[in-house]
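**Q** Have a look at this one.
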Amino acid sequence: MIWLICLPVAVFVVQLIEDVPVLSARVVAAAFDLHGEQGTITVTESREVREGGGRGSSHTATHCFGVFTPDNGGPPLPDTRVHIGDCDEGNVADVRLIRKDLSSWVMPNEKDTAYAFGHGWGTALVLFLFMGLFLLIAGGPFVLCAILFPVMMIAALINRARNRGRGADATATDAASGADD
């Protein structure tokens, strides 16, 4: 019965781990030129964007956008958000791109975002550390329960089968030794 509670919570926690700490680690790595698709970005504009959601929690922030050109010769991506120090129109910089990924049902990564070296990693690092720690502490027991409960059930079934086999062998041995007397 407890496994029926642990399993859905564990699935949710594992999806959150992929959505927040793992994505945040990718962002930090991209900001230090260690992860993501290499390319260049040409800044096209700086504009105000509404962020957040829900009632009363949205706000506007100024973001930098440009055209990302992959080093591998793929098609350029217009309107790519970029974390860069100098957001002047026409500025060109080497960046790493984290492509959008809509596969998550909890918190999808909805925008292609590029990172110039040393920019855009602060919030991602804080999210990685705190959400990673929180999910480890709060979600870890549910994940362990979801994994270990079936393992314990299988181990109990194997032990029961072994004990039955040993009991049958002991009964046969006792019967054979009684017949020899």
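**Q** I'd like to compare 68-77, 81-90: which one has the highest average count of other Cβ atoms within 10 Å, and what's the full order after that?
**A** Numbers: 68-77: 13.5, 81-90: 15.2.
Per-residue Cβ counts within 10 Å, averaged per peptide and sorted highest first, yield 81-90, 68-77.
**Q** At 0.36 nm per residue, minus the direct Cα-Cα distance, what do residue 61 and residue 99 gain on full extension? Give it in nm, one decimal, please.
**A** Values: separation 38, 0.36 × 38 = 13.68 nm, distance 2.13 nm.
Extending this stretch completely gives an extra 11.5 nm.
**Q** In region 103-151, what is the volume of the convex hull around the alpha carbon atoms, normalised per residue and reported in Å³? Provide the component values of the computation, followed by the final result.
**A** Numbers: hull volume 5.9 nm³, N = 49.
Once divided by residue count, the hull of region 103-151 is 121 Å³.
**Q** Okay, moving on. How much of residue 33 can a 1.4 Å solvent probe reach, expressed as accessible area in Å² and rounded to 10?
**A** It works out to around 80 Å².
**Q** Turning to a different aspect of this structure: Shape verdict for the chain, please, from the Cα gyration tensor: rounded (a/c under 1.5), prolate (a/b greater than b/c) or oblate.
**A** On the way: a/c = 4.67, a/b = 3.02, b/c = 1.55.
Since a/c reaches 1.5 and a/b is larger than b/c, the shape of the chain is classed as prolate.
**Q** Here is a further query. Hey, what's the chain come to in accessible area per residue, 1.4 Å probe, Å²? Present the calculation step by step, with values, prior to reporting the outcome.
**A** Working: 11640 Å² over 181 residues.
Counting only protein heavy atoms, the per-residue value for the chain is 64 Å².
**Q** Taking only Cα atoms and a 10 Å spring cutoff, compute GNM fluctuations for the chain and point out the largest among 42, 113, 60.
**A** Between 42, 113, 60, it is 60 that shows the largest mean-square fluctuation.
**Q** How far apart, in nm, are the 7 Å Cα→Cβ label points at residue 152 and residue 47?
**A** 5.5 nm
**Q** Further question: Leaving ligands, DNA and RNA out of it, report the carbon-plus-sulfur percent of the accessible area of the chain at a 1.4 Å probe.
**A** Working: 7360 of 11640 Å².
Carbon and sulfur: 63 percent of the exposed surface of the chain.
**Q** Relative contact order for the chain: what is it in percent, counting Cα pairs under 8 Å that are at least 6 residues apart?
**A** On the way: 278 pairs, mean separation 49.8, N = 181.
Worked out over the chain, it gives 28 percent.
**Q** Continuing with this model, one more query. Can you sort 152, 1, 131 by 1.4 Å-probe accessible area, starting with the largest? All intermediate terms of the calculation are to be shown ahead of the outcome.
**A** Values: 152 125, 1 170, 131 55 Å².
Largest to smallest exposure gives the sequence 1, 152, 131.
The values are calculated or read from the model by the stated rules, or taken from the named source; none is laboratory data. If you're wondering where the values come from, they're calculated on a predicted model, not measured in any experiment. Note that we place each Cβ from the backbone using ideal geometry, even for glycine, and neighbour counts take in every protein chain shown. Accessible surface is based on the protein model in full, side chains and every heavy atom, while ligands, DNA and RNA are left aside. Shrake-Rupley method; radii C 1.70, N 1.55, O 1.52, S 1.80 Å.
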